6 protein chains.
Amino acid sequence: MPYVNIKITREGTTTGETSTTVKEKQALIKGVSDLLFEVLGKPHNSTFVVIDEVETDNWGVGGIPVTEHRKQAAVKTG
Amino acid sequence: MPYVNIKITREGTTTGETSTTVKEKQALIKGVSDLLFEVLGKPHNSTFVVIDEVETDNWGVGGIPVTEHRKQAAVKTG
Amino acid sequence: MPYVNIKITREGTTTGETSTTVKEKQALIKGVSDLLFEVLGKPHNSTFVVIDEVETDNWGVGGIPVTEHRKQAAVKTG
Amino acid sequence: MPYVNIKITREGTTTGETSTTVKEKQALIKGVSDLLFEVLGKPHNSTFVVIDEVETDNWGVGGIPVTEHRKQAAVKTG
Amino acid sequence: MPYVNIKITREGTTTGETSTTVKEKQALIKGVSDLLFEVLGKPHNSTFVVIDEVETDNWGVGGIPVTEHRKQAAVKTG
Amino acid sequence: MPYVNIKITREGTTTGETSTTVKEKQALIKGVSDLLFEVLGKPHNSTFVVIDEVETDNWGVGGIPVTEHRKQAAVKTG
């Protein structure tokens, strides 16, 4: 009965997408559940996987929000 | 000073509702606070209860999102 | 399939106990599970309840650790 | 590589604001990252800070939602 | 920069083990990091994976602690 | 009434220490509480700060446990 919480920024990783797609979420849920079954024998139907999507203003790294990171990276790559 | 986090799917459990109602949230908050007072003597005013509602695409069980579960269940009950 | 996380300090609330007893944990687990069934109709066997016990040095309120609170309270009540 | 999660109610603390502003989030992210560097020497670029904003219906204290608290407080100050 | 939290009971899943082994933890960390890279392109070195092991007295399902479940299951299989 | 959870590895950051000291925990609790008061006006006595210390086998980054990182770093600095 594992509980797995995946926190990711609310950003698209596929061109044109602004957040994680349903198909990507399905792949994350299946992948984590398979992993816990393979490594620890935990049955799929008692493994919970919860995906939290966080706004980039609300996620900080390097002392600044991710929104800032993205702007600085865009300037650099011009 | 307990901190209690309740994670539930964003689904209605009352006919016509699409998510947990204000009244249901009030009942959860009161019930948990009363329980911690009765069992551990924790005063209500220093017990935090936080309810997180999670989209059914973002909650996996059995290796698939809850959204899929609901579809499969609806097909079965036809 | 709710997931409920209860965070409490690692302190006894019964005379002579230094942390939450097994019986108290059973009462918390049963109480929360019953509550989610009564309020939202969530079946017991798909409700997870996880209790985290936190050292009093590791829990702060009022800007100081709970360990300090307990000392200050003991001095006041002499 | 600390991970810091800040849960706050979705309320404005500046006149006219209905939730935490971008500037306030920046100050929280910078302040926490600086603190972990000063106290534990943790480099900024491997410190994650995630801010979760919770609706006042979903946050309980004193056995009632914060929404109720605000109403009661408003009546008292009339 | 995903943050993934895996909560599991403190139980061995290999004969003679009383909790998750170092090798199993390595496999979980690698598996989750690979998954987030494959599905969302998230680089390994900015993916945090934290494994929390929870005592079976502290994890409830079906309204009772897992410790009880194990006892009941042992009686059934006699 | 903010709730702040700080997750750090169980490692000493002062020579001779094997984990975060009481004084360091006090500084983290005070610093976070002061920050939430200064930025959002949140009173100290309704701000909870919880510090979770995680074993280095249980914290992964770069696809491997922190324990492995420390070994590889020690070899490099020889």
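The values are calculated or read from the model by the stated rules, or taken from the named source; none is laboratory data. Note that the structure is a prediction, hence the values are computed from the model and not measured. A quick note on method: Cβ atoms are made from the backbone with ideal geometry, for glycine too, and the neighbour counts reach across all protein chains shown.
Annotation note: Cβ proximity below 6 Å between a residue of the stretch A:54-78 that is aliphatic (A, V, I, L, M) and a residue that is at pLDDT below 95 (sequence gap 6+ or interchain) occurs for A:Val61/E:Met1.
For the stretch F:8-20, name all the residues that are within 8 Å of another protein chain (Cβ to nearest Cβ) and touching a residue at least 24 places away in the same chain (Cβ under 8 Å). Of everything in the stretch F:8-20, those that are within 8 Å of another protein chain (Cβ to nearest Cβ) and touching a residue at least 24 places away in the same chain (Cβ under 8 Å) turn out to be F:Ile8, F:Thr9, F:Thr20.
Answer yes or no: is there a residue in the stretch D:21-34 that is farther than 28 Å from B:Ile51 by Cβ and polar (S, T, N, Q). Among the residues of the stretch D:21-34, at least one is farther than 28 Å from B:Ile51 by Cβ and polar (S, T, N, Q), which makes the answer yes.
Could you check the stretch B:35-52 and list, in sequence order, the residues that are closer than 20 Å to C:Ser33 by Cα and either touching a residue at least 60 places away in the same chain (Cβ under 8 Å) or buried (at least 16 other Cβ atoms within 10 Å of the Cβ) (or both)? The answer is B:Leu35, B:Leu36, B:Val39, B:Leu40, B:Lys42, B:His44, B:Thr47, B:Phe48, B:Val49, B:Val50, B:Ile51, B:Asp52. Please determine whether any residue of the stretch F:3-11 is under 11 Å from the mean Cα position of the chain (by Cα), basic (Lys, Arg) and in a loop (DSSP other than H, G, I, E, B). Yes, that holds for at least one residue.
Among the residues of the stretch F:21-78, which ones are assigned to a helix (DSSP H, G or I), of a type in the set (Val, Ile, Thr) and more than 14 Å from chain C (Cβ to nearest Cβ)? Selection gives F:Val39, F:Val66, F:Thr67, F:Val75, F:Thr77.
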